[in-house]
Structure formats: structure tokens, C-alpha cells
Amino acid sequence: MKKFNFTLQSLKRYNDQVLSGEKSVLGRLRAELAEQQSLLDEKTAEYEQSIIKLNSLVSGGTTAMRLSLHKKYVSSLQQDIYRIKAQMAQKREEIEIQLEKVVEATKEVSKLEKLEEKQLEEYRYAAQKEEEQRIEEFVSNGVSNSGENA
């Protein structure tokens, strides 16, 4: 009997490649989100330190110009934090969309794997039947040959 050959092997290979690509994109998006989180942590720490310094400037006495400059700096940090949070929210949406793509690609690959398994079972069943038929022919030929020899 000929070797087993899954009829949709090229489609399965293509879907495996698609799944791999989608997973790669998802990984990249998650890495970008982690980078943004790290940047947010840095900016938040910098903001907290600036608030502490601003409070010490206010309580310690300083010039209006220096106080105004530091307030603008604190405000700038606040704007950076809002911008980063907005980017992170957008990135999370992208990740959710990409996750759906990965799930769909996984389903497609899974369907083809199940179909391949079913075809393999049918192949094995046919091979077993073919082997049984050869044994029957061998036995029946052996019986009729031994009857002629007797």
C-alpha cells in the first residue's frame, strides 16, 4: 500500500505559517506594551520626585520664576503620563484584536489536524483490510495448493 499522504498538507503548512506569524505579531505587541509600562513607571517615579521637590520649593521659599518653571515641568510630566497611558490603552486594544486573530488561526490549524487524523485512521483501516485480504488469499492459495499436492 502506498505511503500515507494528507490531501490538505499544503493548506495545513500555510495555516501553520499564518499561525506562527500571528503569534509573532502578538509577541511583538506584548513586548511594546511592556516597554510602555516601563516608560510609564519611570515617568511616574520622576513625577513623584518632582512633586516632592515642588513641595520643598514652596515650603522652603524660592523665586516665582523658579516655582513657575518647576510647575511647568511637573505639568509636562503629567502630560507625558497621560499620553503614555493613552498609548497603552491603544496597545491593549491592538493586543485583543491580535489575540482574536491567533485564536482563529489556531482553530483553523486544529480543524486541519483533526481532518488529518481522521484521514490517517481511514488509511490505517484500509491498510489493515488490505493486509487481511492478502492473508486470506495466501491462506486460500496455500490450502488449494496443498490439496493439489495430496
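Values quoted throughout were computed directly from the atomic coordinates according to the rules given, and no laboratory measurement underlies them. Every value quoted in this text rests on a predicted model; they were computed, and no experiment measured them. Positions of Cβ are backbone-derived with ideal geometry, glycine not excepted, and every protein chain shown enters the neighbour counts.
GNM on the chain, C-alpha springs below 10 Å: top fluctuator among 129, 85, 101?
Judging by the Gaussian network model, the answer is 129.
If you plug each phi of the range 16-21 into the Karplus form 6.51 cos²θ - 1.76 cosθ + 1.60 with θ = phi - 60°, what whole-Hz ³J(HN,Hα) values come out, in order, with x for Gly and Pro?
Those phi angles translate into 4, 5, 4, 4, 4, x Hz.
In the range 1-105, which chymotrypsin sites (Phe, Trp or Tyr not before Pro) are in a loop and have at most 15 other Cβ atoms within 10 Å, using DSSP for the loop call?
Listed in order of number, the matching sites are 4.
Could you point to the label whose value was computed as P(r) over Cα pairs in 10 Å bins from 0, in percent for the structure here, given [x] 11, 37, 33, 17, 2; [y] 9, 18, 14, 13, 11, 10, 8, 6, 4, 3, 2, 1, 0; [z] 12, 43, 34, 10, 1?
So the calculated entry is the one marked [y].
Compute the acute angle (0 to 90°) between the alpha-carbon long axis of helix 64-149 and the principal axis of greatest extent of the alpha-carbon atoms of the chain; round to the nearest 10°.
Once rounded, one gets 0 degrees.
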